[in-house]
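Presented below is the structure to which this report refers.
The values are calculated or read from the model by the stated rules, or taken from the named source; none is laboratory data. Bear in mind that the values here come from a model prediction, so they are computed numbers and not experimental data. For neighbour counting, all protein chains shown are included, and Cβ atoms are generated from backbone atoms with ideal geometry for every residue, glycine included.
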Ligand code: RIB
């Protein structure tokens, strides 16, 4: 049982600023650092650190040592990756003093996938495995349809959200993971509850995970609804990769056949650890670090409502 993540890999250029820059403004940053990121790479590292067997699939370009090192350090298998003679994807990230971020991505190799390559990747998956996708690569619709035709369960993090997502065959997914902004853009809704109701009505049969930032998470799958609060975080350093960590830990919990509430609890605590460290892939905790933090009780209890129809 494995996760194959057909996902993005970005070199993240992280600029620390006091406040986010606004239109017409020029300002000096406090510091600049480069790190490995991309929603895909971060999610692969999170799932592997959580304990899953993870293969990252996609194209890497010239000067990709930083990305390959991060996958290796994270315990992610690289057998399905292909090297191309073109620029890698990258991200320009501002992180302010409150730890919030603004991100611009450049697609590079992430947006040059071909149908032939996707078919090759899918031939490595069985029906007991999981294909993971985000919206930072091209041909996402093709990947969903081709995996579905082979009976391979697909999990998708519909981020970043744009108009193309609305045209994807999302009803074919096993899991759809979105944050509150993405969920509302996709299905509409003025409140978290409305957004969740709209998503479940639009995609019946798809397990929905709606992350709500500091308000926690909502979950709906197979007649079960869970609402869970967030963890105690003394100081937010950098929220980058919080959602990716959540997803990697949650999916691993699913593959390990943990109870859904337990999978959500571990994902919530893992992302609470991520936002207390700078960077993307580098900030994702190992399962041992998560166990230690959970045992210490430092992250607090999570308010949980759990209903079955
Ligand atoms: O989710 C965080 C990631 O979004 C960053 O690592 C950046 O590369 C963008 O893809």
Exactly one condition in (1) within 16 Å of the ligand (Cβ to nearest atom); (2) touching a residue at least 24 places away in the same chain (Cβ under 8 Å) is false for residue 167; which is it? (1)
Any residue that is closer than 27 Å to residue 249 by Cβ, at pLDDT 95 or above, out of contact with any helix residue (DSSP H, G or I) (no Cβ under 9 Å at 6 or more places or on another chain) and within 10 Å of the ligand (Cβ to nearest atom) - is there at least one of those in the range 13-26? yes
Candidates 54, 45, filtered to the one that is under 28 Å from residue 255 (Cβ atoms), away from the ligand (no atom under 15 Å from the Cβ), touching a residue at least 24 places away in the same chain (Cβ under 8 Å) and crowded, with 21+ Cβ neighbours inside 10 Å: 54
Taking residue 5 as meeting all but one of (1) within 12 Å of the ligand (Cβ to nearest atom); (2) buried (at least 24 other Cβ atoms within 10 Å of the Cβ), write down the number of the exception. (1)
With respect to the numbered conditions (1) away from the ligand (no atom under 16 Å from the Cβ); (2) under 17 Å from residue 49 (Cβ atoms); (3) touching a residue at least 24 places away in the same chain (Cβ under 8 Å); (4) part of a loop (DSSP other than H, G, I, E, B), which one is the sole condition not fulfilled by residue 234? (2)
Go through the range 146-162 and give me each residue that's in a helix (DSSP H, G or I) and either at pLDDT below 95 or surrounded by 17 or more Cβ atoms within 10 Å (Cβ to Cβ) (or both). 146, 147, 148
Select from the range 61-74 the residues that are in contact with a helix residue (DSSP H, G or I) (Cβ under 6 Å, 6 or more places away or on another chain) and farther than 18 Å from residue 250 by Cβ and write down the one among them that is surrounded by the most Cβ atoms within 10 Å (Cβ to Cβ). 70
Please enumerate the residues belonging to the range 252-274 that are within 16 Å of the ligand (Cβ to nearest atom) and touching a strand residue (DSSP E or B) at 6+ places or on another chain (Cβ under 9 Å). 267, 271
Would you pick out the residues in the range 174-231 that are within 15 Å of the chain's Cα centre (by Cα), over 25 Å from residue 149 (Cα atoms) and not in a loop (DSSP other than H, G, I, E, B)? 179, 180, 181, 182, 183, 210, 211, 213, 217
For the subset of the range 275-289 comprising residues that are part of a helix (DSSP H, G or I) and farther than 21 Å from residue 175 by Cβ, which member is farthest from the ligand (Cβ to nearest atom)? 288
Does residue 240 satisfy the condition of being within 14 Å of the ligand (Cβ to nearest atom) and surrounded by 22 or more Cβ atoms within 10 Å (Cβ to Cβ)? yes
Name the one entry in 229, 223, 253, 297 that is free of Cβ contacts under 8 Å to residues at least 40 places away in the same chain and over 26 Å from residue 19 (Cβ atoms). 297
For residue 80, state whether it is farther than 30 Å from residue 19 by Cα, more than 12 Å from the ligand (Cβ to nearest atom), over 18 Å from the mean Cα position of the chain (by Cα) and at pLDDT 95 or above. yes
With the condition kept exactly as written, say whether any residue in the range 264-274 is in a loop (DSSP other than H, G, I, E, B) and on the phi < 0 side of the Ramachandran plot. no
Residue list for the range 108-145, restricted to those being surrounded by 20 or more Cβ atoms within 10 Å (Cβ to Cβ) and out of contact with any helix residue (DSSP H, G or I) (no Cβ under 9 Å at 6 or more places or on another chain): 108, 109
Considering the range 100-128 alone, what residues qualify as being away from the ligand (no atom under 13 Å from the Cβ) and not in a helix (DSSP H, G or I)? 112, 113, 114, 123, 124, 125, 126, 127, 128
